[in-house]
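Participant: Structure incoming, see below.
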Amino acid sequence: MLLQDMADMLAIEARDVSKVYKNSNFAALSSFSLNLELGEIFTLLGRNGAGKTTFVRICATQLMPTSGTILVFGHDIIREPGKVRSVISIVPQEGRPLRALTPWDHVYNWLQIRGEGKNMAREKTEQILNKLELYETKDRLAMNLSGGMKQKVLVAMAMATDAQLLFLDEPTIGLDPVSRRQVWSAIRDWKQAGRSILLTTHYMDEAEMLSDRIAIIDKGRKIAQGTIDDLRKVIPQNIKVDIAKDRIDIDMLKSYGSVIDTGKSSIRVFTFESAARELTEFAVKKKLTFAVAPITLDDVFISLVHSDDEVDDNDAIADPNT
């Protein structure tokens, strides 16, 4: 299917998707809905075990949903899995390169399996290996590569294809800062070609750097969705103050703003500038350590997930965009 034929379609249209594992009666996803636009990078942000990988595997026809519907470029994942697979590519979280193959072997052979001719497969393999700085190690066996380089081989395999939808399930896990940025650059190039990406991560900087929109998912439920600016509005205040827990009355801190116990040695207070000044003056008088900074996506995430921990599983948490 050509891009012009997809212009009026959603890359992913998911409605009320649930996944319950019968043996444990565990709900990995609960009534999860999502629309991914053509040419968009949509990120699922959440803790380990939140349900991100389950949703990706269902969309990629690797796992059956318990209920709900998912269309990928108009193709139903249950009734038309072959058509779905023809327009997608995936970097699975649990994937590993084959020990006895080289980076070149992995990418070149994968492209030929997907129907590329030898010349085009060779050209695309060279391009992506250079892009991810794997070309110098193209003939080294995967068993002799570092963990980060093995991960980049998987990314190279997925991104060398002409698939219109790319699933990246925590693609930069285990990568050093330089390698992460190489992958980010390749992701941006993929998007510039008009393709769509569903990214999962628990790295806040990655989500902020790449995403057009983000859905925060926890315990199988979507608890917030929107652009970075939309999500920042979840917290009405604009300043955070981290103040040492020692010898401090947490209830007293609530007079300054919203209080979050991050589980560390400090308490976080979301507040405004005037109240932040008062709070820091109080900390100085009490000889308490403190830090002041603007509110970030990380703070939004902690605030939402912390609130979700206090809500019964049957309670709904409002999407700020609805």
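The values are calculated or read from the model by the stated rules, or taken from the named source; none is laboratory data. Keep in mind that this is a model prediction, so the values were computed, not measured. Glycine also receives a Cβ, built like all others from the backbone with ideal geometry; neighbour counts cover every protein chain displayed.
Participant: Consider L101 carefully, then state whether it is farther than 26 Å from H202 by Cα and either touching a residue at least 24 places away in the same chain (Cβ under 8 Å) or hydroxyl-bearing (S, T, Y) (or both).
Facilitator: yes
Participant: Looking only at residues that are assigned to a loop (DSSP other than H, G, I, E, B) and at pLDDT 90 or above in the stretch 256-273, which one is nearest to L304 (Cα to Cα)?
Facilitator: Going through the qualifying residues, I end up with G257.
Participant: Can you tell me which residue is farthest from the chain's Cα centre (by Cα) among those in the stretch 89-122 that are at pLDDT 90 or above and among the polar types (S, T, N, Q)?
Facilitator: Result: N119.
Participant: Oh, and also: For the stretch 219-238, name all the residues that are in contact (Cβ under 8 Å) with a residue 40 or more places away in the chain and either farther than 19 Å from F270 by Cβ or of a type in the set (D, E) (or both).
Facilitator: K219, G220, R221, K222, Q225, D230
Participant: While we're here: Among the residues of the stretch 213-223, is there at least one that is hydrophobic (A, V, I, L, M, F, W, C) and over 26 Å from V72 (Cα atoms)?
Facilitator: The answer is no; no qualifying residue exists.
Participant: Cβ-Cβ distance below 8 Å, separation of 6 or more or different chains: which pairs start in the stretch 21-45 with a residue that is within 10 Å of R213 (Cα to Cα) and of a type in the set (F, W, Y) and end on one that is modelled with pLDDT of 90 or more and not in a strand (DSSP E or B)?
Facilitator: F42/S211; F42/D212
Participant: Only one of these is surrounded by 15 or more Cβ atoms within 10 Å (Cβ to Cβ) and hydroxyl-bearing (S, T, Y): S89, S24. Name it.
Facilitator: S89
Participant: Follow-up. Which residues, taken from the stretch 177-201, are in contact (Cβ under 8 Å) with a residue 40 or more places away in the chain, part of a helix (DSSP H, G or I) and in contact with a strand residue (DSSP E or B) (Cβ under 7 Å, 6 or more places away or on another chain)?
Facilitator: Within the stretch 177-201, I187, K191 qualify.
Participant: Does any residue in the stretch 202-218 that is closer than 10 Å to L231 by Cβ come within less than 6 Å, Cβ to Cβ, of a residue that is basic (K, R) six or more places away or on a different chain, and which pairs are these?
Facilitator: Sorted first by the residue in the stretch 202-218, then by its partner, the pairs are A215/K222.
For (1) within 29 Å of L45 (Cβ to Cβ); (2) modelled with pLDDT of 95 or more; (3) touching a Leu at 6+ places or on another chain (Cβ under 9 Å), each residue gets a yes or a no:
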| position | (1), (2), (3) |
| --- | --- |
| E126 | no, yes, no |
| L132 | yes, no, no |
| L141 | no, yes, yes |
| V155 | yes, no, yes |
| I173 | yes, no, no |
| P177 | yes, no, no |
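Participant: Got a number for residues in the stretch 274-322 being charged (D, E, K, R), loosely packed, with under 10 Cβ neighbours inside 10 Å and modelled with pLDDT of 85 or more?
Facilitator: Of the residues in that region, 2 qualify.
Participant: Additional query: Could you tell me whether A27 is under 28 Å from V183 (Cβ atoms), of a type outside the set (D, E, K, R) and out of contact with any Lys or Arg (no Cβ under 6 Å at 6 or more places or on another chain)?
Facilitator: no
Participant: Can you pull out every residue in the stretch 159-176 that is in contact with a Ser or Thr (Cβ under 8 Å, 6 or more places away or on another chain), in a loop (DSSP other than H, G, I, E, B) and of a type in the set (A, V, I, L, M, F, W, C)?
Facilitator: Hits for the stretch 159-176 are A160, A163.
Participant: Scan A193, A215 and give me the residue that is among the aliphatic types (A, V, I, L, M) and buried (at least 19 other Cβ atoms within 10 Å of the Cβ).
Facilitator: A215
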